[in-house]
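Take a look at the structure set out below.
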Amino acid sequence: MNKIKEKIEAAGSILLIGHVNPDGDTVGAGLSLLLGLEKKYPEKRIDFVLQDKVPTNISFLKGCEKIKGVEESLGEIYELVIFVDSATIDRVGKAKDLVGEAFKINIDHHISNSNYGDINIVRDISSTSELMYSILEILDIEITLEMGEAIYLGIVNDTGNFAHSNVSENTFKVASKLMKIGVNNNKIVNDFFKTKSLERMRVLGKALSEMVFIENKKMMYFYLPYEYLEKNNIDRDDTEGVVEELINYAGSEVSLFLRGEPNGKIKGSLRSKHDVDVNKIAGIFGGGGHIKASGFTSELSANEIIKKVVENL
Ligand SMILES: [Mn+2]
């Protein structure tokens, strides 16, 4: 980790990038690092670029307005690129075009991470945001309230508000230190979770009333075709959280949510309650993530995907 400090100090221009369809963790980790680096190294040019827009339930974080799109930064040359929360280099989408010949640091917590960086800081920990807290300490960067709120939201995002198996003693320690500098737990949780759109509530209702349970595999699944999304003006953000709801059923050990994409492919999300390794199952389709939470994209039909998943359970 000390090598990161040397690299940052030596670089005149630094690019931070997170994954497509940004979530609270990629934004939280990237934003806290951006704010910290800007404060410590005002002479350096530092950009945080994301291919896609930050969802509204995250964009209330102070500093979010500094996040740039890929077009705004095209043509810029960076000496150092720091990837956050991205298991593969392709997860950053079009932002990959900005990397060029730069030295690459990969900061992540996905066990499926392909170690594509020149330096890889990949830890099995709740969130990249939790990891970023330690990195900022190593960089001797003081954590301000704005940075703390970003990190806190990232942790809340990836732990399902401190409910998942990835929560450790350190997760609570970090959360506690963040509260000590003034982070308001209840405010972050309310602004992040209790701000759902009507479309999102309706999609959840549809999922809960039409989901299918496969008794002998203890799997609950739901497929939402693209035609439905288009016809009802539903954003991809509106389908967040469906897969977590499907596993809430007492009988569910595994949940699968499939969503049609505009390009005809299907995006799959998997969750596991106890022992099933869904990172392995996502791997069959070229995806991955964590043992209890994984995802993939496939060209197969929904029926073929469901069949394959069931065969491998
Ligand atoms: Mn994450």
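The values are calculated or read from the model by the stated rules, or taken from the named source; none is laboratory data. All values reported here derive from a predicted model rather than from experimental measurement. Cβ: placed from backbone, ideal geometry, glycine included. Neighbour counts: every protein chain shown. Ligands, DNA and RNA are excluded from the accessible area calculation, which covers all protein heavy atoms including side chains. Shrake-Rupley method; radii C 1.70, N 1.55, O 1.52, S 1.80 Å.
Key figures
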quantity: Any helices (runs of 4 or more DSSP H) falling wholly within the stretch 123-214 and containing at least 3 residues that are of a type outside the set (Val, Ile, Thr) and exposed (fewer than 14 other Cβ atoms within 10 Å of the Cβ); calculated: 169-180, 185-193, 198-210
quantity: Search result, residues across the stretch 232-252 that are open to solvent by 70 Å² or more (accessible area, probe 1.4 Å) and modelled with pLDDT of 95 or more; calculated: Asn248, Tyr249, Ala250
quantity: Qualifying position, being under 23 Å from Glu130 (Cβ atoms), in the same structural domain as Glu146 (by TED's automatic domain parsing), open to solvent by less than 10 Å² (accessible area, probe 1.4 Å) and touching a residue at least 40 places away in the same chain (Cβ under 8 Å), among Ile111, Ile107; calculated: Ile107
quantity: Residue in the stretch 224-243 that is over 25 Å from Leu145 (Cβ atoms), touching a residue at least 12 places away in the same chain (Cβ under 8 Å) and of a type in the set (Lys, Arg) present; calculated: yes
quantity: Residue in the stretch 252-262 that is in a strand (DSSP E or B), more than 19 Å from the chain's Cα centre (by Cα) and hydrophobic (A, V, I, L, M, F, W, C) present; calculated: yes
quantity: Subset of the stretch 263-313 (residues that are among the hydroxyl-bearing types (Ser, Thr, Tyr) and either in contact with a helix residue (DSSP H, G or I) (Cβ under 7 Å, 6 or more places away or on another chain) or under 23 Å from Asn248 (Cβ atoms) (or both)); calculated: Ser269, Ser272, Ser294, Ser298
quantity: The one condition in (1) touching a helix residue (DSSP H, G or I) at 6+ places or on another chain (Cβ under 9 Å); (2) over 25 Å from Asp237 (Cα atoms); (3) acidic (Asp, Glu) that Glu43 fails to fulfil; calculated: (1)
quantity: Every residue from the stretch 219-231 that is open to solvent by less than 90 Å² (accessible area, probe 1.4 Å) and in a helix (DSSP H, G or I); calculated: Tyr226, Tyr228, Leu229
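For every residue, the table says whether it meets (1) over 19 Å from Val203 (Cβ atoms); (2) buried (at least 17 other Cβ atoms within 10 Å of the Cβ); (3) in contact with a Leu (Cβ under 8 Å, 6 or more places away or on another chain).
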| site | (1), (2), (3) |
| --- | --- |
| Arg259 | no, yes, yes |
| Pro262 | no, no, no |
| Leu270 | no, yes, yes |
| Ile281 | yes, yes, yes |
| Ile284 | yes, no, no |
| Gly287 | yes, yes, no |
| Ser298 | yes, yes, no |
